[in-house]
Amino acid sequence: MAETTPLVIEAPRTPARRRTTTRTNYELYGWVFMRASGVVLVVLIFGHLFLNLIDGDGISAIDFGFVAGKWASPLWQVWDLLMLWLAMIHGTNGVRTIINDYAERTGTRVVLKSALYLAFTVVVVLGTLVIFTFDPCPAGAAADLLPSFCPR
Amino acid sequence: MTNDTAPEPAASAQATSGGVDAFDVTLRIRRYNPESGDAAYWEEFTVRALRTDRVLDALHTIKWEVDGSLTFRRSCAHGICGSDAMRINGRNRLACKVLLKDLDPSRPITIEPIKGLPVVKDLVVDMEPFFASYREIMPFLITGPNVPTAERRQSPAERARYDDTTKCILCAACTSSCPVFWTDGQYFGPAAIVNAHRFIFDSRDEGAAQRLEILNDREGVWRCRTIFNCTEACPRGIEVTKAIQEVKRAMITRAV
C-alpha cells in the first residue's frame, strides 16, 4: 500500500497565536486621540483657510510678506505649530492603521512603517524649525533677494 | 399503448406544487476537494426549485439528487444552530434563511465558503480559529466568592441591557465578513466581542475588568473600523457594531 502523506490545509492568513495581553492603554489613547485631534483640526484648518483665502483681500493678499506678518505674532506661531503637529500625528497614525490592516507580510509592514515614520520626522522637524526660526530679513543677505519691507 | 390520450400529470405537477410556482435556478458553487490536489474551482448546478425553497433546499437537491460529493454543514436547518453560514451572492448569510426567490433566480447564485477561515472541503471551513478567539474572552459567568443563598436576582432593566448580544448563535457570519479579520487573524473579531459584551454588561457577572483587559489588547476592539459589515451580516439581527462601540466606551470610562 502506498504511503499517504498527511493532508495539510493552508490557512488563508496567520493563525491565531497565544497572545500576551499588553496591559497598556496605548491603542485606547490612539483611538481617543484620533477623535479629539480630528475635532480640533476641523477648527484649525477651516480657520486657517478662511483667514488666508477669504478674509480681507482674500487670496490675492497672500505673498511672502503675508506669511512673514502672520508668523511675527505668537498666536499664529502656536496656531500653525498645533496644526502641523496634530495633522502629522493624526495622519501618521491613520496611515499606520491602514498599513497594519492591509500589509499582510511582516517585511512589507516594516518597510512601509519605516518610510512613514521617516517622512513624519522630516516634516515635523523641518516645519517646527521654520515656524520658530523664520526671519524674513536675514542679515547679510543680498539686497535683491529681500522683500520690499525689509530695512535696507 | 391504449392510454395515450390521458393527460400528462407529471408536466403540470412539475410546474406547480401545492399551488406554488416552480422555477429553474442555477447555483454557482465554489468547490474544493483537498484530496484531489486541485485548486478550488467554480461548478454550476441547475435545479428545479419552488418559490418557498431556501438556498439550503437547493443545496439539498444537489447533494441528494445530482452530486453527492457536495459538502456543506447544516444541522437544524431553521436558523438557530448557526451551522450553514456561507457567502451567498457575496454576502454572508445562513443558507437556511435565504429564499431563492429573493435572490433574483434569473441569474446564477454564487455560493462560497465564508472568508478568512481555512477551507476544509467545498463549503466547510475550519472554525477553530474562530472558537479560539471566543474562548479567550471567557464566555462564562464569573462571580465572586460570596454565593447568594437564593438565585442571583436581576431586574428586567438589567436583563434588557445585554439582551441583544444574547442572541448570538456563533455562526461566524459577522467575523468572516470583517475585512480586518480577513487580513489579520490575530483580531478577535466581532463575534468574540459580542459575546464578551453579553457578560460585561450582565449585572451578575464580576469578570468585566478581566474581559475589558483582554479586549483592550492591540488586536482587540480598537481594530474595529466601524464599517458595519458584521451588523449587515448577522442573521440574528444583532447590532454588532453598536455592541463593539459600547465595549469601547466602557474601556474609555474605565481608563479616565
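Cross-link pairs exceeding 29 Å between alpha carbons, from the set A:LYS113/B:LYS121; B:LYS167/B:LYS248; B:LYS97/B:LYS121: A:LYS113/B:LYS121.
Taking only alpha carbon atoms, chain B gives an Rg to Rh ratio of 1.10, where Rh is the Kirkwood radius. The simple spin-label model puts a point 7 Å past each Cα toward its Cβ; for B:ALA160 and A:SER114 those points are separated by 5.7 nm. With a 10 Å cut-off between alpha carbons and a GNM built on chain B, which of B:ASP38, B:ASP84, B:ASP126 moves the most? Of B:ASP38, B:ASP84, B:ASP126, the Gaussian network model singles out B:ASP38 as fluctuating most. Ranked by how many other Cβ atoms sit within 10 Å of their own Cβ, fewest first, the residues A:VAL43, A:VAL124 fall in the order A:VAL43, A:VAL124.
Think of it this way: in chain B, B:CYS96, B:CYS168, B:CYS171, B:CYS178, B:CYS224, B:CYS234 stand alone, with no other Cys Cβ under 4.7 Å. Residues whose amide H falls under 5 Å from that of B:ARG31, counting only those 5 or more places apart or on a different chain, are B:TYR41, B:TRP42, B:GLU43, with hydrogens built in the peptide plane. Taking Cα centre as origin and charging only the Cβ of basic (Lys, Arg, +1) and acidic (Asp, Glu, -1) residues, the dipole magnitude of the protein assembly as shown rounds to 1140 debye.
Applying a DSSP loop filter and a limit of 11 other Cβ atoms within 10 Å to the GluC sites (Glu not before Pro) in region B:92-167 leaves B:GLU151. Here the protein assembly as shown is described by how far its Cα atoms reach on the three principal axes: 123, 68, 56 Å, from widest to narrowest. Normalised by the number of residues in region A:27-134, the mean separation of alpha-carbon contacts (under 8 Å, six or more apart) gives a relative contact order of 31 percent.
Using only alpha-carbon positions in region A:16-152, the gyration tensor eigenvalues give semi-axes of 40, 19, 13 Å once each is multiplied by 5 and square-rooted (largest first). Taking 0.36 nm per residue of separation and subtracting the Cα-Cα distance, full extension of the segment from A:MET34 to A:LEU146 would add 36.2 nm.
What share of Cα pairs, in percent, lie more than 18 angstrom apart in region A:101-152? In whole percent, the long-distance tail amounts to 60.
Gap in Å between the Cα centre of region B:85-139 and the Cα centre of region A:57-119? Region A:57-119 and region B:85-139 have Cα centres separated by 42 Å. Electrostatic tally near A:LEU112: other residues with Cβ closer than 13 Å to its Cβ, Lys and Arg +1, Asp and Glu -1, net +2. Here B:TRP42 and A:ILE98 are evaluated by their C-beta separation; at R0 = 35 Å the FRET efficiency comes out at 0.65.
Charged side chains reduced to their Cβ positions (Lys and Arg at +1, Asp and Glu at -1) give region A:27-134 a dipole of some 400 debye around its Cα centre.
Please check which bits of region A:42-84 a label hung off B:VAL256 would reach, taking the label as a point 7 Å along Cα-to-C-beta and the cut-off as backbone N under 20 Å. Taking a point 7 Å out along Cα→Cβ of B:VAL256, the residues of region A:42-84 whose backbone N falls under 20 Å are A:42-44. Here the spin labels are modelled as points 7 Å beyond Cα on the Cα-Cβ line, and at B:HIS78 and B:GLU213 they lie 4.3 nm apart. Checking the cross-link pairs B:LYS115/B:LYS242; B:LYS63/B:LYS242; B:LYS101/B:LYS242 against a 27 Å limit on the alpha carbon distance flags B:LYS63/B:LYS242; B:LYS101/B:LYS242 as lying beyond it. As a calculated quantity, the FRET efficiency between A:HIS48 and B:ASN89 at R0 = 30 Å, using C-beta atoms, amounts to about 0.05. The residue list B:PHE72, A:GLN77, B:ALA172 was ranked by how far each Cα lies along the charge dipole of the protein assembly as shown toward its positive end, using unit charges on Cβ atoms, and A:GLN77 comes out on top. Scalar couplings 3J(HN,Hα) for region B:27-44, obtained by applying the Karplus form with A = 6.51, B = -1.76, C = 1.60 to θ = phi - 60°, are 10, 9, 10, 7, 9, 8, 10, x, 6, 7, x, 8, 6, 5, 8, 9, 9, 9 Hz; x denotes Gly and Pro. A Förster radius of 41 Å, combined with the Cβ-Cβ distance separating B:PHE23 from B:GLN245, puts the computed FRET efficiency at roughly 0.45. Among B:LEU123, A:LEU84, B:LEU141, the order by Cβ neighbours within 10 angstrom, fewest to most, reads B:LEU141, A:LEU84, B:LEU123. Going by neighbour counts of Cβ atoms within 10 Å, the residues B:ARG225, B:ARG135 line up, fewest first, as B:ARG135, B:ARG225.
Every number here is computed from the coordinates shown, using simple stated rules; none is lab data. Here the structure is a predicted model, which is why all the values come from computation and not from measurement. Note that each Cβ is placed from the backbone with ideal geometry, even for glycine, and that neighbours are counted across all protein chains shown.
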